[in-house]
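The values are calculated or read from the model by the stated rules, or taken from the named source; none is laboratory data. These numbers come from a predicted model, not from an experiment. For neighbour counting, all protein chains shown are included, and Cβ atoms are generated from backbone atoms with ideal geometry for every residue, glycine included.
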Amino acid sequence: MKQLAIVFFSLLLAACSADRQGRERTSFNNDWLFSLTDNQADLSAPDADDSGWRQLNLPHDWSIEADFSKENPATPGGGALPGGMGWYRKHFKIPESDRGKQVYIDFDGVYRCSKVWLNGHLLGFRPNGYISFRYDMTPYLKYGQEENVLVVQADNSQQPNSRWYSGSGIYRNVWLVKTGQVHVDQYGTNITTPDVAQERATVVIETTLKNTYAAVVTAELTTIIKAPSGKVIAHTSLPVELPENGSDIIKQTLEVKAPELWGIKNPALYTAVTEVRSGNQLTDRYETTFGIRTFRWDEATGFYLNGEPTKVLGVCLHHDLGCLGTAVNKRAIERQLQIMKDMGVNAIRTSHNPPAPELLELCDRMGLLVQDESFDMWRKRKSPYDYAQYFDEWHERDLTDQIKRDRNHASVFMWSIGNEVLEQWSHADADTLSLQEANLILNAGHKIDPALLEDSTMSVQSLITIALADIVRKLDTTRPVTAGNNGVDPANHLFRSGALDVYGFNYHEKDYAPFPQVYPGKKLIVSESTSALMTRGYYQMPSDEMYIWPESWDKPFDRPEHLCSSYDNCHVPWGSTHEVTWHEVKRLPYASGMFIWTGFDYLGEPTPYWWPSRSSFFGVVDLAGFPKNVYYMYRSEWTDQPTLHLFPHWNWKEGEEVDVWAYYNQADEVELFLNGKSLGTKSKNDSTYHVSWRVPFTPGTLKAVSRKAGKEVLAQEIHTAGEAAELALLPDRRVIQADGTDLSFITVEVRDKAGNLVPRADNLIRFSVEGDGFIAGTDNGDQNDPNSLKKPERNAFYGKALVVVQNTGKKGVIRVKATAAGLPDAVTEIEVE
Ligand code: GAL
């Protein structure tokens with residue numbers, strides 16, 4: 001009887017046109033209405049008056065549009081930009097032909113505390129501003145000519161809630177997803193490669209199939225594997241029976257012969273195509289890219305990728321994109337990653353939250369490893385209104401969603417369940433819960449060994465660590481669980497929990513050497529290091545007071561150890577210099593790698609300064625994307641690219657003593673010349689990563705020559721610059737795509753008449769565009785510039801500025817003009833094709 005019913009239902013399905021097309025996933029970014037409001041009015045009703053609202057396309061970050069101000073409650077720590085309450089509304093129609101399909105809305109991220117309504121029905125609330133989420137719109141949709149109204153409230157009014165700039169609003173992409181009623185569930189593909197050998201790899205695919213019919217259905221699940229070349233190399237099909245309004249997980253195992261391994265140099269990506277057929281119709285088709293590769297961690301010798309010892313050469317990155325704020329733009333993320341890769345970076349830590357999906361897609365494709373991090377706080381808050389208030393209720397859901405979303409990414413090689421969470425420590429904030437109470441809070445949906453609750457040495461903090469690591473391991477056992485710790489003592493509750501596979505040390509470089517004695521058998525990664533302070537283009541001289549920041553700024557720490565005595569010696573008290581940290585990680589084989597704090601300057605956390613500073617000083621690259629000098633130290637150590645980098649500029653007072661440094665590689669020595677006269681030849685030693693000379697200034701030409709076995713490798717000259725005479729516009733790409741999002745990043749240099757950068761130029765530069773583009777932002781890397789980064793004008797900062805131009809979706813030409821008083825106009829053209 002049951003069989004008969006299934007057959008009948010299958011026939012019914014075959015007749016149902018709605019299930020015929022598989023899956024459609026389209027951008028839902030365009031044509032939203034937006035209003036930023038202080039009042040508490042509920043604007044969720046479909047007929048609420050939105051007639052005067054601003055029209056815009058997503059992704060959108062409303063905070064970045066404002067000027068910086070110390071009055072903003074986010075404080076300079078949060079970027080000195082406004083938060084507030086934002087409302088977004090979108091009016092749209094769904095064709096009659098979609099009736100009978102499942103229609104979902106996917107948000108990649110909304111900052112924060114979002115509520116979403118469709119046609120007046122509340123679809124849900126998500127407090128976490130970094131998590132991706134989906135709602136099923138099917139029950140409330142209207143079809144045909146009737147209008148639907150989707151409303152999103154983003155509540156970033158409780159401030160401060162972040163230790164860095166968060167941005168505000170629907171700052172990531174939004175997608176409309178339509179499937180048949182028998183379809184792959186959200187994050188419903190889980191791909192692992194348990195056996196990888198040269199001759200073959202086993203690919204195990206677990207697919208969660210969902211049936212939203214009120215009847216049992218039979219379906220067929222087909223999985224096809226395509227090689228990196230696009231060629232189909234394996235496929236398998238399986239009949240399945242799905243319960244009414246239910247789901248099932250189906251396991252398929254395939255074999256790939258002579259697998260091409262995903263790696264840093266050759267990031268080969270396979271594609272799994274999942275097809276679901278029911279009643280002879282294709283009801284879903286879903287593609288997942290994945291990599292075949294192996295990871296191994298050795299307590300004595302560090303990390304291995306595909307059997308090769310691989311030092312993790314990483315940077316921590318926050319999610320803002322400089323003058324674009326946090327509004328996701330794939331090209332802007334790609335540019336950041338390219339700049340990092342050119343420096344030799346092979347790994348990114350998504351400090352301290354789940355990243356935009358685009359970052360992971362790019363890392364997969366570009367061969368960058370990712371430490372995917374979940375939380376900056378657990379139950380104990382770090383800012384007055386941060387996620388700690390939601391942790392008890394939401395941690396399991398958020399962590400689960402993150403792992404499920406990200407676990408197929410070839411690039412993800414570690415999960416970090418927290419950064420410097422205050423639960424590390426016992427003192428002052430000892431948890432007031434009993435173990436049993438904590439277990440009740442944490443145990444929803446997953447079980448902790450009851451014996452642990454009777455163990456008198458177990459603490460609540462360790463219990464939380466175990467609970468979070470358990471959530472991860474239930475979903476993925478192929479990657480280690482770690483956490484970033486600034487308490488590196490064995491008393492740390494995270495270490496004591498025994499739940500961390502790899503110990504993440506933040507800072508404390510003196511503790512790397514004794515690690516094997518203190519933690520026998522454990523594995524070490526430097527999850528965060530350095531926190532050195534630098535401003536691109538600014539140099540303190542030995543004759544100066546040794547502070548790296550201009551005299552007019554507040555000096556934050558009046559402590560002798562904070563004085564900066566060289567170009568690479570200025571760091572916060574818990575940090576260290578770039579060279580010292582790298583030296584430790586380089587020389588200790590069991591230090592599997594490091595993540596520099598940070599790759600780029602980011603908005604917020606101007607530590608150790610405060611207003612008028614509003615962005616950080618920690619980056620190896622400034623907020624505009626211009627490398628600071630130490631970038632080339634890493635490039636000389638972390639890449640094989642022949643490098644010679646000489647600095648500073650050559651415009652000083654006659655007779656002033658100037659420290660001249662050079663970073664180099666692939667050579668034995670560097671000789672320095674001033675106006676043709678040799679100032680001597682120098683070589684690096686085992687623990688310094690630069691050579692230097694102290695030179696009394698006289699104008700002219702400084703020249704460095706690197707040599708190997710007496711033969712010149714590279715040479716670099718710096719000339720004393722004259723008066724500013726021209727603006728040079730230097731686009732990173734002259735041809736961009738007509739897709740509405742692609743960007744050209746145009747560097748502006750103030751130059752003298754011989755073409756030398758004028759190193760202290762601060763001319764006000766005004767930008768305008770004609771044609772098929774607009775100015776998406778401007779910047780100069782100055783951490784103290786109070787002007788909105790959306791303004792079409794910018795002062796040069798130490799000779800440089802940046803204008804970012806975005807296309808409007810039309811093919812054509814964007815003509816960009818830069819003007820500055822007393823200088824000829826400069827023009828450049830960007831083709832949009
Ligand atoms: C670390 C922290 C980072 C950042 C950094 C600044 O302790 O994990 O988020 O605040 O300090 O030095």
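Of all residues in the stretch 91-120, those satisfying the criterion of being surrounded by fewer than 20 Cβ atoms within 10 Å (Cβ to Cβ) and closer than 20 Å to D49 by Cβ are H91, F92, K115, N119, G120. Taking the listed residues S434, S462, S426, S383, the one that is hydroxyl-bearing (S, T, Y), surrounded by fewer than 21 Cβ atoms within 10 Å (Cβ to Cβ) and without any contact (Cβ under 8 Å) to a residue 60 or more places away in the chain is S434, with no other qualifying.
Take the conditions (1) assigned to a strand (DSSP E or B); (2) touching a residue at least 12 places away in the same chain (Cβ under 8 Å); (3) small (G, A, S); A624 misses just one of them, which is (1).
Residues in the stretch 143-163 that are under 20 Å from M377 (Cα atoms) and surrounded by fewer than 22 Cβ atoms within 10 Å (Cβ to Cβ): D155, S157, Q158, Q159, P160, R163.
One line per residue, one yes/no per condition, for (1) of a type in the set (K, R); (2) within 16 Å of the ligand (Cβ to nearest atom); (3) buried (at least 20 other Cβ atoms within 10 Å of the Cβ):
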{"position": "V580", "(1), (2), (3)": "no, yes, yes"}
{"position": "F595", "(1), (2), (3)": "no, yes, yes"}
{"position": "G599", "(1), (2), (3)": "no, yes, yes"}
{"position": "P608", "(1), (2), (3)": "no, yes, no"}
{"position": "Y634", "(1), (2), (3)": "no, no, yes"}
{"position": "G655", "(1), (2), (3)": "no, no, no"}
{"position": "D686", "(1), (2), (3)": "no, no, no"}
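Restricting attention to the stretch 521-535, the residues being within 19 Å of N492 (Cα to Cα) and either small (G, A, S) or within 16 Å of the ligand (Cβ to nearest atom) (or both) number 6. Exactly one residue out of E358, E373 is more than 15 Å from the ligand (Cβ to nearest atom), farther than 15 Å from G263 by Cα and within 12 Å of the chain's Cα centre (by Cα): that is E358. Checking every residue in the stretch 678-686 against the condition of being at pLDDT below 95 and under 24 Å from W638 (Cβ atoms) gives at least one match. Taking first residues from the stretch 524-536 that are under 10 Å from C570 (Cα atoms) and partners that are near the ligand (Cβ under 9 Å from one of its atoms) and charged (D, E, K, R), no Cβ contact under 9 Å between residues at least 6 apart in sequence or on separate chains turns up. F673 - would you say it is at pLDDT 95 or above and either within 16 Å of the ligand (Cβ to nearest atom) or not in a loop (DSSP other than H, G, I, E, B) (or both)? Yes, satisfied. In this structure, N419 does not satisfy being in contact (Cβ under 8 Å) with a residue 12 or more places away in the chain, in contact with a His (Cβ under 9 Å, 6 or more places away or on another chain), under 20 Å from K382 (Cα atoms) and surrounded by fewer than 19 Cβ atoms within 10 Å (Cβ to Cβ). Within the stretch 317-363, if we keep just the residues that are in contact with a Leu (Cβ under 6 Å, 6 or more places away or on another chain) and charged (D, E, K, R), the residue that is farthest from W415 (Cα to Cα) turns out to be R331. Within the stretch 293-323, the residues that satisfy the criterion of being within 16 Å of the ligand (Cβ to nearest atom) and either in contact with a Pro (Cβ under 6 Å, 6 or more places away or on another chain) or hydrophobic (A, V, I, L, M, F, W, C) (or both) are V315, C316, L317. Here N780 qualifies as more than 20 Å from T808 (Cβ to Cβ) and within 22 Å of the chain's Cα centre (by Cα).
Where residues in the stretch 488-502 are surrounded by fewer than 20 Cβ atoms within 10 Å (Cβ to Cβ) and within 18 Å of S459 (Cβ to Cβ), which of them is nearest to the ligand (Cβ to nearest atom)? Among them, the one singled out is D489. In the stretch 382-398, is there at least one residue being at pLDDT 95 or above, touching a helix residue (DSSP H, G or I) at 6+ places or on another chain (Cβ under 7 Å), more than 30 Å from L337 (Cα to Cα) and within 16 Å of the ligand (Cβ to nearest atom)? No, because not a single residue in the stretch 382-398 is at pLDDT 95 or above, touching a helix residue (DSSP H, G or I) at 6+ places or on another chain (Cβ under 7 Å), more than 30 Å from L337 (Cα to Cα) and within 16 Å of the ligand (Cβ to nearest atom).
When every residue of the stretch 40-53 is checked against the conditions, at least one turns out to be assigned to a loop (DSSP other than H, G, I, E, B) and of a type in the set (F, W, Y). Would you say V518 is more than 21 Å from the chain's Cα centre (by Cα), away from the ligand (no atom under 14 Å from the Cβ) and closer than 19 Å to I348 by Cβ? Taking the combined requirement at face value, the residue does not satisfy it. Selection of the stretch 573-589 for residues being free of Cβ contacts under 8 Å to residues at least 24 places away in the same chain and not in a loop (DSSP other than H, G, I, E, B) yields only R587.
Find the residue count for the stretch 712-760, including only residues that are in a strand (DSSP E or B) and not hydrophobic (A, V, I, L, M, F, W, C).
Counting residues in the stretch 712-760 that are in a strand (DSSP E or B) and not hydrophobic (A, V, I, L, M, F, W, C) gives 10.
A Cβ distance below 9 Å, combined with a sequence gap of six or more or placement on separate chains, defines the contacts here; from the stretch 346-358, residues that are at positive phi and of a type in the set (S, T, Y) reach no residue that is modelled with pLDDT of 95 or more and in a loop (DSSP other than H, G, I, E, B).
It is to be established whether one or more residues within the stretch 563-572 are at pLDDT below 95, surrounded by fewer than 20 Cβ atoms within 10 Å (Cβ to Cβ), within 14 Å of the ligand (Cβ to nearest atom) and within 28 Å of V370 (Cβ to Cβ). Yes, because at least one residue in the stretch 563-572 is at pLDDT below 95, surrounded by fewer than 20 Cβ atoms within 10 Å (Cβ to Cβ), within 14 Å of the ligand (Cβ to nearest atom) and within 28 Å of V370 (Cβ to Cβ). No other residue among I131, I205 is among the β-branched types (V, I, T), more than 16 Å from the ligand (Cβ to nearest atom) and within 24 Å of the chain's Cα centre (by Cα) apart from I131. If the condition is being more than 22 Å from Y187 (Cα to Cα), without any contact (Cβ under 8 Å) to a residue 60 or more places away in the chain and assigned to a loop (DSSP other than H, G, I, E, B), then the stretch 242-267 contributes only E260.
So that you can scan it fast, the table gives a plain yes or no per residue for (1) part of a strand (DSSP E or B); (2) modelled with pLDDT of 95 or more; (3) within 16 Å of the ligand (Cβ to nearest atom); (4) within 30 Å of A215 (Cβ to Cβ):
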{"site": "S69", "(1), (2), (3), (4)": "no, yes, no, no"}
{"site": "G86", "(1), (2), (3), (4)": "yes, yes, no, no"}
{"site": "Y104", "(1), (2), (3), (4)": "yes, yes, no, yes"}
{"site": "L123", "(1), (2), (3), (4)": "yes, yes, no, yes"}
{"site": "Y135", "(1), (2), (3), (4)": "yes, yes, no, yes"}
{"site": "Q153", "(1), (2), (3), (4)": "yes, yes, no, no"}
{"site": "K178", "(1), (2), (3), (4)": "yes, yes, no, yes"}
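I'm trying to understand the selection: among the residues of the stretch 752-762, which are under 22 Å from P792 (Cβ atoms) and surrounded by fewer than 21 Cβ atoms within 10 Å (Cβ to Cβ)? Hit for the stretch 752-762 is D762, nothing else.
Do any strands (runs of 3 or more DSSP E) lying entirely in the stretch 280-378 carry at least 1 residues that are surrounded by 23 or more Cβ atoms within 10 Å (Cβ to Cβ) and touching a strand residue (DSSP E or B) at 6+ places or on another chain (Cβ under 9 Å), and which ones are they?
The qualifying strands (runs of 3 or more DSSP E) are 281-290, 302-305, 312-316, 347-349, 369-373.
Yes or no: F617 in a loop (DSSP other than H, G, I, E, B) and either within 16 Å of the ligand (Cβ to nearest atom) or out of contact with any Pro (no Cβ under 7 Å at 6 or more places or on another chain) (or both)? Yes; evaluated as a whole, the condition is true for this residue.
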